[in-house]
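These notes concern the structure reproduced below.
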Amino acid sequence: MSVEKAVYDCLSASAELISLIEAKVYAVVAPQEIKAPYITYFKVSSGRQYTHSGANKLSTPRMQVDCYGGTYEEAKDLSDLVIAALEGLPSENAKVQAVFCSDDSYAYGDVSDEYDDNVEEYHVPIDAVIHYREV
């Protein structure tokens, strides 16, 4: 199982997330017709580990999970649920040894944009480093 599959399975299995987004969890990019709230995810870097003997089975890939909401509050609430789900991943998946969510900052403008009628969705990206062991 890849780290991407582990992240997808984790997010898709969270009852709280699914109650908000239904089954709208997408790799890399969401279909154009999808409306917020939804989640996308992708691997930013592989984080392969090496020793002098060659490749190690431990990697620390950096994943980005993007939370989209119709309001800033919805996107931020979604990001809180994603972080909680990801932080529980080591207990759910034997290949995952640790998850470190290092950023969940608002991506566009400032919070006052919430009142702009032209804004259709809000985006909160989450940056996570996952300590993952290949077997």
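Quick notes on this structure:
- For the range 53-86, the candidate set comprises residues that are modelled with pLDDT under 90 and in a strand (DSSP E or B); within that set, the residue that is farthest from the chain's Cα centre (by Cα) is G54.
- All of S59, S53, S2, S14 fail the test of being more than 20 Å from S102 (Cα to Cα), of a type in the set (S, T, Y) and crowded, with 17+ Cβ neighbours inside 10 Å, apart from S14.
The values are calculated or read from the model by the stated rules, or taken from the named source; none is laboratory data. The structure displayed is predicted, hence computed values, not measured ones. Methodologically, a virtual Cβ is constructed for each residue, glycine included, from the backbone with ideal geometry; neighbour enumeration extends over all protein chains shown.
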